[in-house]
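Structure record follows, encoded as structure tokens.
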Amino acid sequence: MQPASPAIRSFFLDGPAGQLEALLNEGAPSATHAGLVCHPHPLFGGTLHNKVVFHAMKALNALGMPVLRFNFRGTGLSEGEHDNGVGEVEDVRTALDWLDGEFHRPIVFAGFSFGAAIGLRAAGADPRVTAVAGLGTPVGAIEDRSYDFSFLETCTKPKIFISGSRDQFGPKPKLEAMFAFAAEPKKLVIIEAADHFFEGRLREMREALEAWAREVVQHPAKTS
């Protein structure tokens, strides 16, 4: 008999700009960590149902973690209005508060694109978060948007950055420059022929994230 799939809970978080739509993929009772995954830019179709976000959730959930996804303010059924990445940092903190209150376990964070840029800022400075992952990290200027990653220079948590070699929003030279000044421990994974959305390469992204997360959970002192 196949084991039952973990249950999914649908609910709302009490955020600073109103309620935030959320989904929790429940984990194993023995889980030592919880996970949080943040979605890409909401003004360009990003939601908690994004394919990259879904596969990142599955990577963490495969290790038994309960994993929370939520919609940023003004997205889906979440209340409030888009705040150009300012208020969204508080949305991430709201999600971290909920996970901490619900499970009282260390948290592993993963964010895709806008979710990486915003989530890394909040999670990197939060002592409840023990490791962080940036997927398709948007290091290149995108129209009128540009993100500052200088805070990574003092973030000593285990970090992984997974991007495609053809990422149109994260040119490899800029990604490597950002990675160079980020504090140790850190890891950079470039998936050949993958674009920003890992189209056709989602399995490789998921496997890379899962392997790193397993190492973080089991041997945190050795992660690099």
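Each reported figure results from applying straightforward, stated rules to the coordinates on display, with no laboratory input. Quick caveat: nothing in here was measured; it's all calculated off a predicted structure. As a convention, Cβ positions derive from the backbone with ideal geometry for all residues, glycine included, and neighbour counts pool all protein chains shown.
When you restrict to C-alpha pairs under 8 Å that are six or more residues apart and normalise by the size of the chain, the relative contact order lands at 17 percent. Around the Cα centre of the chain, unit charges on the Cβ atoms of Lys, Arg, Asp and Glu (plus for the first two, minus for the last two) sum to a dipole of about 740 debye.
Spin-label pair S146-E184: with each label point 7 Å from Cα along the Cα-Cβ axis, the two points sit 3.1 nm from one another. For the range 14-145, averaging the sequence separation of C-alpha pairs within contact (under 8 Å, six or more residues apart) and dividing by the residue count gives a relative contact order of 28 percent. Relative to the Cα centre, the charge distribution of the range 81-122, modelled as +1 at Lys and Arg Cβ and -1 at Asp and Glu Cβ, gives a dipole magnitude of about 260 debye. Model label points for R9 and A211, set 7 angstrom from Cα along the Cα-to-Cβ axis, are 3.3 nm apart.
The calculated FRET efficiency for V86 paired with Q19, based on their beta-carbon distance and R0 = 25 Å, is about 0.85.
How many lysine pairs in the chain, separated by 8 or more positions in sequence or lying on different chains, have Cα atoms less than 21 Å apart? So the count works out to 16. With a simple spin-label model that places each label point 7 Å from the Cα along the Cα-to-Cβ direction, the separation between L43 and T154 comes to 2.9 nm.
Using r as the Cβ-Cβ distance of A28 and A193, and R0 as 45 Å, what FRET efficiency do you calculate, to the nearest 0.05? E(calc), rounded to 0.05, equals 0.85.
Computed from the C-alpha gyration tensor, the three semi-axes of the ellipsoid equivalent to the range 8-217 are 23, 20, 16 Å, from longest to shortest. Over the range 149-224, the fraction of Cα-Cα pairs per 5 Å bin, rounded to whole percents and listed from the shortest bin up, is 3, 16, 24, 22, 21, 11, 2. With 0.36 nm allotted per residue and the present C-alpha distance subtracted, the Q168-R128 stretch has 11.1 nm of extension available. Across the options A122, A31, T75, the greatest Cα extent toward the positive end of the charge dipole of the range 8-217 (unit charges at beta carbon of Lys, Arg, Asp, Glu) belongs to A31. Taking the centroid of alpha carbons for each part, the range 121-197 and the range 1-61 are 21 Å apart.
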